[in-house]
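Reviewing the structure listed below.
Any read-out appearing in this document is the output of simple, stated calculations on the displayed coordinates, not a laboratory observation. Note that the structure is predicted; figures quoted are calculated from it, not measured. Backbone-built Cβ (ideal geometry, glycine too); neighbour counts: all protein chains shown.
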Amino acid sequence: MKTTHRVFFKDSYDMNEVESNSIDLIITSPPYPMIDMWDLHFSNSNDEIKQALEDGNGKKAFNIMHNQLEKVWKEVGRVLKVGGIVCINIGDATRTIKNNFQLFPNHVEITNFFYKNGFNELPCIIWRKPTNIPNKFLGSGMLPPNAYVTLEHEYILIFRKGKAKRKIPPKSEIRYNSAFFWEERNNWFSEIWEDIRGISQNLLKENNNQRNLRDRSAAFPLELPYRLINMYSIYGDTVLDPFWGTGTTSLAAVISMRNSIGYEINSEFMEFFKKKINNAKKLNNDINKYRLNNHIKFIEKYRKEGKDIKYKSNYYKFPVITNQETEFLLYSIKNYEENRNKFVIHYEKFSFNIE
Ligand SMILES: C[S@@+](CC[C@H](N)C(=O)[O-])C[C@H]1O[C@@H](n2cnc3c(N)ncnc32)[C@H](O)[C@@H]1O
């Protein structure tokens, strides 16, 4: 088995390299309107935004910023297959302009767009970020009524193109191989994610230079696209990220044996991505082991609680809770080739001995 990963360093207003109805899954995080770090980016893309910000007209700037993003959402609607899923990580913004504090609800604008343009909205995920900021209530005091609630979450908005679910042959082997564990399902399909830094914190050790670049890029943690890819696609599918950044979505696709396509205006991030690909084989093995060892621990606990287990994994020979997990199979990277921003990754079945 092999996958390919391509990046186009241009804006995603026009993704003419990608055929209509060809993409299985979109995972992305755009620049967040009305968050200071993206003001310059939005101002450069449209003079009216620059003017509105200078005039202190927050609502006008907010609206035009979303008009800019909608050009990309339209392309997303074109390239996605009917039944394909879009996952958008977005946070709202709070901002004081001319002494007037207010919330700019980015998730509402994006939801409205998809709702009105041929997509079905599905239940979203609240990504609650672990926070240890000691002064998070700074300035709110103890006297009512003029204090504000602290924003501590972002959204993962989820939409399906069209009304119908994607059609996959009922006994598709590859779909059964792409299964996740019962206990992973219970965690991943919960509406609040509080543990999202788990795998990446433990396994993605970054040096300081890389971390700086990551901060500047507003990258999401690897586990976010990794989970979404496992939840909403099968082996061999193609995942697209129109705001590619440092390529976290592609890295997650690489280690999940899915193909990927990215669009990004800043080519500076390629070097960072190449380093990550260079380490992807080890990362892939570590994540596979992490998942399988967690499963073994889960099974031991489940048994100690006196519960009965009926099924067994055909490949790994450990117990599994449901019939749907019996064909579960992981892959690991054998080697890869790179040619002008295109990566081809070769895989083999991942073998595992219970520790
Ligand atoms: C929030 S960051 C994405 C970070 C990414 N998820 C990661 O993990 O690194 C948004 C990215 O979109 C890029 N971008 C903004 N507008 C774009 C456009 N019209 N086309 C392509 N890329 C764009 C920015 O340069 C930035 O790297």
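Take the Cα pairs of the stretch 2-284, get the Kirkwood Rh, then feed it into Stokes-Einstein at 4 °C and 1.567 mPa s and tell me D in µm²/s. Write down the numbers at each step before the final one.
Working: Rh = 20.1 Å.
Rounded, D is 65 µm²/s.
With contacts defined as alpha carbon pairs under 8 Å and 6 or more residues apart, what's the relative contact order of the stretch 2-284 in percent?
It rounds to 26 percent for the stretch 2-284.
Excluding residues on the same chain fewer than 8 positions from K167, give the lysines whose Cα lies under 18 Å from its Cα.
Partners within reach: K81.
Using a simple spin-label model with points 7 Å from Cα along the Cα→Cβ vector, what separation in nm is obtained for M1 and K342?
About 2.2 nm separates the two model spin labels.
Please build a GNM for the chain, connecting alpha carbons under 10 Å apart, and tell me which residue among E183, E70, E173 fluctuates the most.
E173
In the structure displayed, which of K129/K310; K2/K301; K129/K282 lie more than 29 Å apart, Cα to Cα?
Numbers: K129/K310 37 Å; K2/K301 36 Å; K129/K282 27 Å.
Going by Cα-Cα distance, K129/K310; K2/K301 fall outside the 29 Å limit.
K136 to A164: extension gain in nm, 0.36 nm per residue of separation minus the Cα-Cα distance? Numbers along the way, then the final one.
On the way: separation 28, 0.36 × 28 = 10.08 nm, distance 4.38 nm.
The span from K136 to A164 would gain 5.7 nm if fully extended.
What lysines sit close enough to K50 to cross-link, taking a C-alpha to C-alpha distance under 18 Å and skipping anything fewer than 8 places away on the same chain?
Excluding near neighbours in sequence, the set is K59, K60, K98.
What list do you get for K167, K74, K50 if you sort them by fewest beta carbons within 10 Å? All intermediate terms of the calculation are to be shown ahead of the outcome.
Values: K167 9, K74 13, K50 17.
Arranged by neighbour count, lowest to highest, K167, K74, K50 become K167, K74, K50.
For K275, which lysines qualify as cross-link partners when the Cα separation must be under 16 Å and same-chain residues fewer than eight apart are set aside?
Here the lysines satisfying the reach criterion relative to K275 are K205, K342.
Based on other C-beta atoms within 10 Å, arrange V76, V18, V82, V239 from fewest to most. Don't skip to the end; give the middle numbers.
Values: V76 24, V18 20, V82 14, V239 29.
If I rank by nearby Cβ atoms, fewest first, I get V82, V18, V76, V239.
For the stretch 228-355, report the translational diffusion coefficient in µm²/s to the nearest whole number, using Stokes-Einstein at 10 °C, 1.306 mPa s, and a Kirkwood Rh over Cα pairs.
Working: Rh = 16.4 Å.
It diffuses with D of about 97 µm²/s by this estimate.
If r is the Cβ-Cβ distance from I97 to E17 and R0 is 41 Å, what FRET efficiency results, to the nearest 0.05? If you can, show how the numbers build up before the last one.
On the way: r = 39 Å, r/R0 = 0.95.
The computed FRET efficiency comes out at 0.60.
What does the charge add up to near S332, with Lys and Arg as +1, Asp and Glu as -1, over the other residues with Cβ less than 11 Å from its Cβ?
Numbers: positive: K281, K282, K289, K334, K349; negative: D286, E348.
Neighbourhood net charge equals +3.
Would you look at the GNM of the chain, springs on alpha carbons closer than 10 Å, and say which of R258, R303, R95 moves the most?
Evaluated over the chain, the most mobile residue of the options is R303.
Please report, in whole Å, how far the alpha carbons of the stretch 1-113 spread along each principal axis, starting with the longest.
Answer, in whole Å and largest first: 58, 24, 22 Å.
Report the gain in length on full extension from N314 to S351: 0.36 nm times residue separation, minus Cα-Cα distance, nm rounded to one decimal. Before the final figure, lay out the partial values.
Values: separation 37, 0.36 × 37 = 13.32 nm, distance 1.22 nm.
Taking 0.36 nm per residue and subtracting the Cα distance, the gain is 12.1 nm.
Among D47, D241, which comes first, then next, by fewest other beta-carbon atoms within 10 Å? Let's see the in-between values first.
Details: D47 10, D241 25.
Arranged by neighbour count, lowest to highest, D47, D241 become D47, D241.
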